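Please read the structure below before turning to the comments.
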Amino acid sequence: MIAKINHIGIAVKSLDERLRFWKALGLKPGETELLASEKVQVSFLPVGESSIELLEPTDGDSPVGRYIEKRGEGIHHIALQVTELDSLLGALEEAGFQVLHGGAQPGADGSRVGFLHPRSCGGVLVELVEEADRKDAPGTMAPGETVLAYLRDPQEKIWGVLRSLDASGIVLEGIDLGSFDDWISQVERGEESVVGPSVVFLPMSRIERVLLDRTSGDIPSLSERFFRRVGRSVLEVLGDCR
Ligand code: ZN
């Protein structure tokens, strides 16, 4: 069930500053990923079969922010790669070990993770990671994903949260790409909504392609751009509007 040490998590105040050391060692960081629910930005540096994970809090009032406040920068957790995460967490809980957050939750890069309280593990925060199934991960369009839809007749680009999809078309809670930045500015200023996403049905006959809204290289995804400016995740803000 345990495959290997997946990564070692290190809490840092600034990714840029601390990456300098790891890069000087010759390690190459992957994309920086934002985990909005944990209020943390992470950068993974592969080391052979494992990785070093640097975690920079985006807010002092977050698990990693409070950790740094209390104990300073340093090793934050050890992550073991497992299969069958849910049954393992269940068995550990049954054996009296304290599982945090009530079970598995989404982790970086499409993985699922569970944490064990340091109290249960002699002072070490232990993360269990079940990696995403790479076979179908890149193309998976599931409700709740943020996507970019390219349409024809007339040509349009729409950013949105996928609500449903079937052979007839897709339903998005979306906004024209041209209005996305106006919407961010409006949310940033806390104004009443003039522009904003609405629920639209896009028939298959109009769809040229649909891509997942993902950060690529140095170019942040639209969702991440939104988070960087507003300080809250786009899904959270949309939830408030409903
Ligand atoms: Zn981790």
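Bear in mind that the values in this text are calculations on the coordinates, not laboratory data. As the structure is a prediction and not an experimental result, all values here were calculated from the model. Cβ atoms come from the backbone with ideal geometry, glycine included; neighbour counts cover every protein chain shown.
What the table below lists for this structure:
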quantity	calculated
In Å, descending, principal axis extents of the Cα set of the range 1-133	43, 32, 26
Net charge dipole size for the range 2-130 [Lys, Arg +1 and Asp, Glu -1 on Cβ; Debye, nearest 20]	480
For the chain: relative contact order, % (alpha-carbon pairs under 8 angstrom, 6 or more apart)	14
Theoretical ellipticity at 222 nm over the chain - DSSP helices of four or more residues, -39500 (n - 2.57) apiece, nearest 500	-7000 deg cm²/dmol
Ranked packing of 206-212, 125-131, most packed first, by mean Cβ within 10 Å	125-131, 206-212
Per-q log10 I(q)/I(0), the chain, q = 0.08, 0.09, 0.10, 0.17 Å⁻¹ (Debye; single scatterer per alpha-carbon; no solvent)	-0.37, -0.47, -0.57, -1.31
Local net charge near GLY65, Cβ-Cβ under 13 Å (Lys/Arg +1, Asp/Glu -1)	-1
Neighbourhood net charge (14 Å Cβ-Cβ; Lys/Arg +1, Asp/Glu -1) for GLY178	-3
Ranked ARG229, ARG189, criterion: other C-beta atoms within 10 Å, fewest first	ARG189, ARG229
Length-normalised contact order for the range 143-242 - Cα pairs under 8 Å, 6+ apart - percent	26
The range 187-242 versus the range 77-127: alpha-carbon centroid distance in Å	31
Solution diffusion estimate, µm²/s, Stokes-Einstein, the range 88-206, Kirkwood Rh from C-alpha pairs, 20 °C, viscosity 1.002 mPa s	121
Antiparallel bridge percentage (DSSP; both residues within the chain; nearest 5)	85
Proxy reagent accessibility, fewest Cβ within 10 Å first, across GLU49, GLU31	GLU49, GLU31
Count of lysine pairs in the chain with Cα separation under 19 Å (8 or more residues apart, or interchain)	4
Environment charge at GLU224 (Cβ cut-off 11 Å; Lys +1, Arg +1, Asp -1, Glu -1)	+1
